[in-house]
1. Would you mind counting up the charge near Lys275? Only other residues with Cβ under 10 Å from its Cβ, with Lys and Arg at +1 and Asp and Glu at -1.
2. Can you give me the Rg/Rh ratio for the chain, using Cα atoms for both radii and the Kirkwood formula for Rh?
3. Hey, got the dipole for the range 108-219? About the Cα centre, +1 on K and R Cβ, -1 on D and E Cβ, debye to the nearest 20?
4. Could you work out how far apart the two model spin labels at Met70 and Glu436 are, taking each label as a point 7 Å from the Cα in the direction of the beta carbon, and quote it in nm?
5. Nearest 10 degrees, 0 to 90: what angle lies between the long axis of helix 187-196 and the longest principal axis of the chain (Cα atoms)?
6. Assign one of three labels to the range 117-267, namely rounded, prolate or oblate, based on the Cα gyration tensor with a ≥ b ≥ c the square roots of its eigenvalues; rounded applies when a/c is under 1.5, prolate when it is not and a/b is larger than b/c, and oblate otherwise.
7. Rg and Dmax of the range 375-419, using alpha carbons, in Å: what are they?
8. Evaluate the charge dipole of the chain about its Cα centre and quote only its size in Debye, nearest 20, assuming +1 on the Cβ of each Lys and Arg and -1 on the Cβ of each Asp and Glu.
Amino acid sequence: MRTAIIGGGIAGLAAAYELEKARAAGAPVEYTLFEARERLGGSIASEIVHGAVLERGPDSFISEKPAAAMLCREVGLGDALTPSNDADRKTYIVVRNRLVPLPDGLMFLIPTKLIPTALTRLFSPMTKIRMALELLHPPRPSGHDESVAALVERHFGTEAVDRLADPLLSGIYGGDASQLSARTVLPKLVEMESEHGSLTRGMLAAHRTMRAKMAAASHAAKPQGNGKAAPRGIFTTLRGGMQQLVDVLEARLEPAWVRRSMPVSALEKTEEGWKITAGGVTEIFDAVIMASPAWAAGVLLGAIDPVLGEELSGIPYSSSITVNLVYDEKQLGQLPEGFGFLVPASEGRSMLACTFVHRKFLGRTPPGKAVVRAFLGGARNESLLTETDATLVETVRRELSEILGQKTISREVEPEHAQVSRWRRAMAQYAVGHQERMQRITARVAALPGLRLVGNAYDGIGIPDCIRLGRQAALELAQSSKAVSLPVS
Ligand SMILES: Cc1cc2nc3c(=O)[nH]c(=O)nc-3n(C[C@H](O)[C@H](O)[C@H](O)COP(=O)(O)OP(=O)(O)OC[C@H]3O[C@@H](n4cnc5c(N)ncnc54)[C@H](O)[C@@H]3O)c2cc1C
């Protein structure tokens, strides 16, 4: 079976890797990976500058979802896996130009500890009263999908949306809480509302169950080696940068089957198979793994099924910008403890979030250097993409000095290195109604045998989900190729 993979981001690479594995194991599969850009990896791109790892795109993946760490171990990167430095984990929200720490006990946006919530400067007394009364919220059957903002507002009020839900989600999705689907982005909260009414009570109950399960599991598990489990942070990265995974995957593929700088320009479904045109040449394949962003998939598949094309093109995307600044630590004052801060839209700033990179992951920045990474743009501020690098760096330096204070980062202090990366329409937004849209898409795809859709637009925005979907699609096709070529005697 000949499979075309369209898009060489992490989803497409994971699919190609799985097909290569199947081929090495004797399955009758061949693949061709078409990537529009001259490099593979899509949004994943890192560089080492002055000995510091600078991530242009994602800096890590969430450890709770196993697919990414599993793949890293499988391809020999187990020793490079580096947990986030959770001992120093502290995140702030900017409120009227001042940093306010997120209160202790916050789980999935839900405050679960009375005293830290009562004492925090993040919320006004009215919001705190509302948070206490939330415990009386009656159960509500989950009906139509709604926005994350609507769900959070109903329980905790607008200030909780403004200072909590919106900055946290724009830090993850580059998105807008008033647009994102509660049912897709926060399904656990929707379930809790229908079961418990109060999200706080639901979260506490879930926490108790999880603790009981963990206690039972650790009781049942036999200690290995010295009895200590390997350290695991909330986030995991690779010591040499996320690019390591891209490079190792690429090295595993058959070089002749990887076509960079080769955008697929047309797709046709004929009786002979899938006709793919790229670089003026048309080839026929038995199957297609579409691993490009949904908007690109929509254009290509729209020629075969206009309804499917429209559904895919209808998935919104946001753009973002990252700015990495490398400083000599001696030139800075004392940065606040922790990983960094989030900026609510109501602060009217260009920055959405800022990470103190040298604190979040140890061992990726040389001693004496500090790396500050700003995240800008997002669904509400796409126009920043047209600014020059110099303007963006200047904006970040000004905002850092206004938020952290001149004594901490003076505007006069020049970073040793500044790196700007623009990510146009890179982050899919799971808008209200996403699941219904996915049902319609799945039904249309089922009518096109040999087609699989993978990537961040469908069932999880993060790297582990993209890897899971890519590998799963390839495995299904590889298995079906065996079934076709090995008829049961
Ligand atoms: C700034 C930023 C920070 C992020 N931070 C994190 C994080 O910390 N943790 C995390 O888990 N996730 C993070 N994400 C999300 C995550 O990186 C992405 O969701 C994931 O990498 C997407 O992978 P993908 O393969 O689906 O798509 P992409 O990486 O977008 O790859 C798609 C590829 O398809 C190619 N393509 C498009 N059209 C065609 C065509 N016609 N023919 C051939 N090729 C085509 C593109 O050139 C591209 O290389 C971040 C994303 C961004 C942008």
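1. Working: positive: Lys269; negative: Glu268, Glu272, Glu283.
Cβ neighbours under 10 Å give a net charge of -2.
2. Numbers: Rg = 23.7 Å, Rh = 24.2 Å.
That ratio is 0.98, to two decimals.
3. The calculation lands at about 580 debye.
4. 3.3
5. 60
6. Values: a/c = 2.28, a/b = 1.41, b/c = 1.62.
Since a/c reaches 1.5 but b/c is at least a/b, the shape of the range 117-267 is classed as oblate.
7. Rg, Dmax (Cα atoms, Å): 11.6, 32.
8. Values: 56 positive and 53 negative charges, 286 e Å.
That gives a dipole near 1380 debye.
Each value in this text was obtained by applying a stated rule to the coordinates, not by laboratory testing. All values derive from a computational prediction rather than experimental measurement. We place every Cβ from the backbone using ideal geometry, glycine too, and count neighbours over all the protein chains shown.
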